[in-house]
Amino acid sequence: MIFLKKTKKYWLIGIAVILAWLFLRSNAFMYHEPVGEVIKVEVQSTQQTTDEHGNTDKIYQQYLTIKLLNRNRVINLTNQYTTSQTVTHQYREGDQLLLAGHPGRLRIISVKRDATIGALGVLFFGLLLVYGKWRATSWLTLSLVVNIVLFGFALLLDVQFKNPNVILIFSILAFFVATTSLLLVLGKTLQMVVTLLATLLSTILTMLIMFFVLKITGNEGVHFETMSYVTQVPITLFIAQTIIGVLGAVMDEAADIVAALFGLRRENADRHFKDYWLAGMNVGRDIMGTLINVLFMIFIAETMPMVFLMLRNGNNWPYILDQIMNLGILQTVVSGIGIVLAVPVTSALVGWIVERYKVVNT
Amino acid sequence: MNAIGLLIIILLILMVLVGGAQGIKAFVGLVLNFMAIFILMILINWQFNTYIVTALMSVVILALAIYLGAENPFVTNTAFKTSLIVVAILMLLSIIVQHLGQFQGFATENSEELEGLSLQVGLPFTKIAVVVMVISILGAVAEAAMAIVADLNEVIERTPNLSHKSLYAHAHIIGGQILGTAINTLFFGVLGANLPLLIWFIRLRYSLSMFFNAKLLMMEIVTMILGMLGILLSIWVASRLVAHEYTKIQKINMKKES
């Protein structure tokens with residue numbers, strides 16, 4: 001009993017996750033398009049293949065019986081998949097699918113994934129609540145929600161135009177996002193103003209360095225044409241996404257450094273520029289390496305599936321680095337420069353402002 | 001001159017100017033990490049067991065990130081232990097999530113890039129999806145673990161006779177701050193990387209249901225949530241480990257005195 005009582009919170013999270021999962025598994029009535037559940041799978045035939053690069057794979061033909069959950073019908077479909085499942089899917093009993101097409105000729109457009117995402121999201125927020133208590137968690141959640149809304153607004157604004165000024169739209173977005181997140185986390189304080197200034201200044205400096213280098217080298221070795229999912233001019237889109245990435249990383253770091261330096265100020269306000277500068281550089285030095293690592297890992301993991309496919313298609317590493325990882329490397333390096341630059345910029349800014357403020361106050 | 005090469009040189013110079021010897025070490029750490037991931041991809045491409053290779057290389061990458069990042073042996077050892085526990089938990093969770101959500105491979109949005117490529121390549125893309133999830137959280141987990149252990153260590157060093165309870169209170173305050181900023185970084189990192197895909201979805205008027213089910217977008221959201229979970233778990237595990245070690249040291253000290 002004591003064990004149950006002590007672990008009560010975790011049992012509650014478990015129950016919430018399961019409930020979210022069950023609800024999202026049975027929400028077919030909320031969908032316009034037909035939603036089906038695979039109730040029977042039969043493998044009809046298999047076939048061994050070898051492609052021109054000597055890769056062997058197996059092609060399966062499966063016969064699916066699908067119960068439509070919001071149409072009250074049962075349909076039969078055939079589906080082909082390979083063992084590697086690069087673009088094809090092996091469907092199993094119990095999988096829920098989104099379908100499209102005429103009632104007589106439905107085809108599968110996607111696996112229904114909302115239950116998986118929903119359950120994972122509930123797990124995260126449950127643990128966040130247990131750890132962070134209601135107050136802290138709600139501020140953090142609020143800032144995430146506000147950021148998503150602002151971001152959505154910027155995206156909608158962007159698609160209103162045929163040739164939008166992406167850089168302008170997302171620079172303004174970046175400014176608003178930084179201001180609201182810091183306001184929500186730090187409140188209306190001097191600390192918040194200093195962090196915001198440091199963030200914006202470092203981001204602008206970083207972007208200027210990038211523009212300068214791209215200009216003097218004439219974009220040599222940079223392949224903007226390799227960008228994926230392009231619906232508008234790639235170069236400006238790339239700049240916009242770099243601004244957002246740099247801003248996030250720099251804001252995190254600047255917040256850490258400013259927090260540490262304001263801690264010093266609280267202990268003893270009678271300090272000079274040099275004290276803050278040295279302390280800030282010390283804090284920043286410790287975190288810059290690991291921060292660059294965070295962004296680096298995100299980028300490199302994302303390119304992995306394509307890298308494997310290219311390798312298997314007989315491409316060599318230099319070509320893959322040049323074509324697949326090119327823009328990712330560029331963005332990571334630029335973010336890295338931002339993270340390093342933010343250390344001296346923030347330290348100097350805090351030293352300068354705080355010293356001035358002390359004089360005004362006394 | 002190559003623009004990326006020039007930017008890398010600028011990054012190296014800045015790291016040396018700002019960080020001195022530690023800056024050089026951090027730069028070397030990044031290069032070594034890049035090589036470790038290279039080896040990981042080569043081994044998977046040679047069709048070694050995907051999960052075993054990923055687990056082993058994750059340990060190497062975490063060790064590089066942590067031991068090259070700080071000096072203090074108490075900080076590095078505790079952070080390393082924390083990251084191993086957290087990454088192990090998250091790897092299991094990734095396997096479950098991938099099994100349920102089927103995030104493997106490419107989608108119709110990739111058609112243009114896939115043109116002319118053979119797609120029957122004999123690699124298990126279902127397992128590669130798990131690799132993507134695990135690798136993308138490594139950095140965030142290592143960062144969060146290092147940050148909290150280093151901060152707690154400073155608290156312990158500054159205040160002698162710290163009680164168990166107030167150590168936990170400190171852990172809570174520091175943990176909350178780290179959580180807030182780290183989650184923001186991750187959020188912007190992922191958003192920044194997916195701007196073109198999001199614009200694609202809106203411009204081509206995808207139905208609302210695709211925003212909650214489409215493979216490419218959901219894969220990104222899953223990695224983001226897993227990363228956030230990783231940060232949360234590292235803060236949690238690290239606080240417990242630090243408190244545990246601290247009481248052990250205290251007991252030894254008390255025995256010495258009596």
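Where a number appears in this text, it was derived from the coordinates with a stated rule and is not lab data. Because the structure is a prediction, the values reported are computed rather than measured. A quick note on method: Cβ atoms are made from the backbone with ideal geometry, for glycine too, and the neighbour counts reach across all protein chains shown.
Taking Cα centroids, how far is the stretch B:59-78 from the stretch B:224-258 in Å? That distance is 16 Å.
Given the stretch B:92-190, report the % of alpha carbon pairs whose separation exceeds 25 Å.
Above the 25 Å cut-off, the stretch B:92-190 has 47 percent of its Cα pairs.
Ranking A:345, A:314, A:334 by Cα position along the charge dipole of the stretch A:263-362, where only Lys, Arg, Asp and Glu carry charges on their C-beta atoms, puts A:345 farthest toward the positive end. Candidates B:137, B:119, B:164 compared by Cα position along the dipole of the stretch B:108-167: farthest toward the positive end lies B:164, with charges placed on Cβ.
Among B:106, A:161, A:125, B:125, what is the fewest-to-most ranking by other Cβ atoms within 10 Å? Could you put the intermediate results ahead of the total?
On the way: B:106 20, A:161 11, A:125 17, B:125 24.
Placing the least packed residue first, the sequence is A:161, A:125, B:106, B:125.
Our note on the geometry: Cα centres of the stretch A:56-70 and the stretch A:212-229, 43 Å apart.
Shape summary: the stretch A:161-361 maps onto an equivalent ellipsoid whose semi-axes, from the alpha-carbon gyration tensor, are 37, 18, 14 Å in decreasing order. Going by the alpha-carbon gyration tensor, a ≥ b ≥ c the square roots of its eigenvalues, is the protein assembly as shown rounded (a/c under 1.5) or, if a/c is not under 1.5, prolate (a/b greater than b/c) versus oblate? Here the protein assembly as shown falls in the prolate category. Set the Förster distance to 60 Å, then compute FRET efficiency between residue A:231 and residue A:274 from the Cβ-Cβ distance, nearest 0.05. In this case the efficiency is close to 0.70.
Bridgeable lysines around residue A:6 (alpha carbons under 25 Å apart, same-chain partners fewer than 8 residues away excluded): A:133, B:165, B:248. Helix B:215-257 and the longest principal axis of the C-alpha atoms of chain B enclose an angle of approximately 10°. Over chain B, with a Gaussian network built from C-alpha contacts below 10 Å, which listed residue (B:192, B:175, B:139) shows the highest mean-square fluctuation? In this elastic network of chain B, the residue with the biggest mean-square fluctuation among B:192, B:175, B:139 is B:192. Scaling the Cα radius of gyration of chain B by the globular reference 2.2 N^0.38 Å produces a ratio of 1.17. Taking every alpha-carbon pair in the stretch A:121-274 and binning the separations at 5 Å intervals from zero gives 1, 8, 13, 16, 16, 15, 12, 9, 5, 3, 1, 0 percent.
Could you pull out every whole DSSP H run in chain A that spans at least 20 Å of Cα extent along its own axis and averages 1.0 or higher on the Kyte-Doolittle scale?
On the way: long enough: A:8-25 (26 Å, 1.31); A:114-160 (42 Å, 1.43); A:166-186 (29 Å, 2.76); A:190-217 (41 Å, 2.07); A:234-267 (50 Å, 1.11); A:273-312 (56 Å, 0.97); A:326-361 (51 Å, 1.22).
Span-like helices, by this rule, are A:8-25, A:114-160, A:166-186, A:190-217, A:234-267, A:326-361.
Annotation: for a label point projected 7 angstrom from Cα along Cα→Cβ of residue A:153, residues of the stretch A:163-178 with backbone N closer than 11 Å are A:173, A:176-177. Note on residue A:23 and residue B:92: with the Förster distance fixed at 30 Å, the Cβ-Cβ geometry gives a FRET efficiency of about 0.80.
So, in Å, what gap is there between the alpha-carbon centers of the stretch A:82-129 and the stretch B:150-191? That distance is 37 Å.
With a cut-off of 11 Å on the backbone N, the residues of the stretch A:77-97 near the modelled label site 7 Å out from residue A:44 along Cα-Cβ are A:77-80. Taking square-rooted eigenvalues a ≥ b ≥ c of the alpha carbon gyration tensor, is the stretch A:1-127 rounded, prolate or oblate, where a/c under 1.5 means rounded and, failing that, a/b exceeding b/c means prolate? Taking the square roots of the gyration eigenvalues as a ≥ b ≥ c, the stretch A:1-127 is oblate.
Selection among A:70, A:43, A:59 by position relative to the dipole of the stretch A:31-111 gives A:70 as farthest towards the positive end (Cβ unit charges, Cα centre).
What is the calculated FRET efficiency for residue A:204 to residue B:52, with r their C-beta to C-beta distance and R₀ = 35 Å, to the nearest 0.05? The calculated FRET efficiency here is 0.15.
Note on residue B:255 and residue A:282: the model spin-label points, each 7 Å out from Cα along the C-beta direction, lie 3.4 nm apart.
Among B:157, B:113, B:220, which one shows the highest mean-square fluctuation when chain B is modelled as a Gaussian network with alpha-carbon springs under 10 Å? So, out of B:157, B:113, B:220, the one fluctuating most is B:113. Select from B:167, B:152, B:100 the residue whose mean-square fluctuation is largest in a Gaussian network model of chain B (Cα-Cα springs shorter than 10 Å). Between B:167, B:152, B:100, it is B:100 that shows the largest mean-square fluctuation. Neighbour counting of Cβ atoms within 10 Å sorts the residues A:42, A:33, fewest neighbours leading, into A:42, A:33. Here's the list of lysines a cross-link from residue A:40 could span, going by alpha-carbon distance under 28 Å and ignoring same-chain residues fewer than 8 apart: A:58, A:67, A:112, B:127, B:215. The fewest-to-most ranking of A:251, A:325, A:30 by surrounding Cβ atoms within 10 Å reads A:30, A:325, A:251.
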